[in-house]
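Enquirer: For reference, the structure I am asking about is given below.
The values are calculated or read from the model by the stated rules, or taken from the named source; none is laboratory data. Since this is a predicted model, take the numbers as computed values, not measurements. Remember, those area values only see protein heavy atoms, side chains included, never the ligands or the DNA or RNA. Shrake-Rupley method; radii C 1.70, N 1.55, O 1.52, S 1.80 Å.
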Amino acid sequence: HWFSIINSLAIVLLLTGIVAMILMRTLRRDLNRYNEVDKEELSEESGWKLVHGDVLRPPPLPLLLASSAGVGVQLFLMAFISILCAMLGFLSPSNRGGLLTATVLLYVLMGIPAGYHSAYLYKSLKGAEWQKCTLTTALFYPATVFALILALNCFIWAKGSSAALPFGTLLALLAMWFGISVPL
């Protein structure tokens, strides 16, 4: 199966190169056309010049952007390390629940880079309350997901299904979240 992985990687790199070449040709053509234009025609802006002032303007909600980016870093690192450990054989499929346990533990521990990256991005966007940003990163998105899981679990409990998460498991998740992830 290593051949399939390398083949997929080669296809992704090839397609990325093709898209980059198309974008470079388009951008080079636009730049040449704009450089040849007279000064009188510069008052009429078109194409990418219409948005050149919006590119470096800070967003209206930098706190939400920074916390979203922090949670994205947390999820990316969690998935990357989980997949890497599974590829190297540390997480065996015969160990039932081992991958899920490792993924939850990695999510909790990746709160460190999530808080760092969200605070760094927030401060680079001229934000003043970086502590509020890290707290939002640690609480907002996980709270939303936990509330959704709890609501769905309540419906499953009401139906009497055996697929519902036990109450002790939910308490353990809350303890891991508030005991490890939030302080990190």
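Enquirer: How big is the shadow of the Cα convex hull of the range 99-184, averaged over all directions, in nm²? Please list the in-between numbers first.
Expert: On the way: hull surface 24.7 nm².
For the Cα atoms of the range 99-184, the hull's average projected area reads 6.2 nm².
Enquirer: Now for a separate question. With no solvent and one equal point scatterer placed on each C-alpha of the chain, evaluate the Debye formula and give log10 I(q)/I(0) for q = 0.08, 0.13, 0.14 Å⁻¹, two decimals.
Expert: Calculated log10 I(q)/I(0) at the listed q: -0.48, -0.95, -1.01.
Enquirer: Ok, one more. Just the accessible area per residue of the chain, please: how many Å² with a 1.4 Å probe?
Expert: Here the residues of the chain average 74 Å² of exposed surface.
Enquirer: Among P58, P166, P113, determine the one that fluctuates most according to a GNM of the chain built with springs between C-alpha atoms less than 10 Å apart.
Expert: Fluctuation is largest for P166.
Enquirer: Continuing with the same structure: Using Cα pairs closer than 8 Å and at least 6 residues apart in sequence, work out the relative contact order for the range 77-173, in percent.
Expert: On the way: 41 pairs, mean separation 16.1, N = 97.
Averaging sequence separation for qualifying contacts and normalising by length gives 17 percent for the range 77-173.
Enquirer: Give the relative contact order (percent, whole number) for the chain; include only Cα pairs under 8 Å separated by 6+ residues. Before the final figure, lay out each step's value.
Expert: Numbers: 105 pairs, mean separation 39.9, N = 184.
For the chain, the relative contact order is 22 percent.
Enquirer: Can you give the helix-only mean residue ellipticity at 222 nm for the chain, where every DSSP H stretch with n ≥ 4 adds -39500 (n - 2.57) and the sum goes over all residues, rounded to the nearest 500 deg cm²/dmol? Walk me through the intermediate numbers first.
Expert: On the way: 6 runs with 127 residues, N = 184.
Only helices count here, giving -24000 deg cm²/dmol.
Enquirer: Here is a follow-up. Within the chain, which complete DSSP H helices have Cα atoms spanning at least 24 Å along the helix axis and a mean Kyte-Doolittle hydropathy of 1.0 or higher?
Expert: Result, helices passing both filters: 62-87, 130-159.
Enquirer: Expressed in nm to one decimal, what extension gain is obtained for the pair Y34 and L165 from 0.36 nm per residue of sequence separation less their Cα-Cα distance?
Expert: 41.0 nm
Enquirer: Hey, another quick one. Of the accessible area of the chain, with the probe set at 1.4 angstrom, what percent is carbon plus sulfur?
Expert: 72
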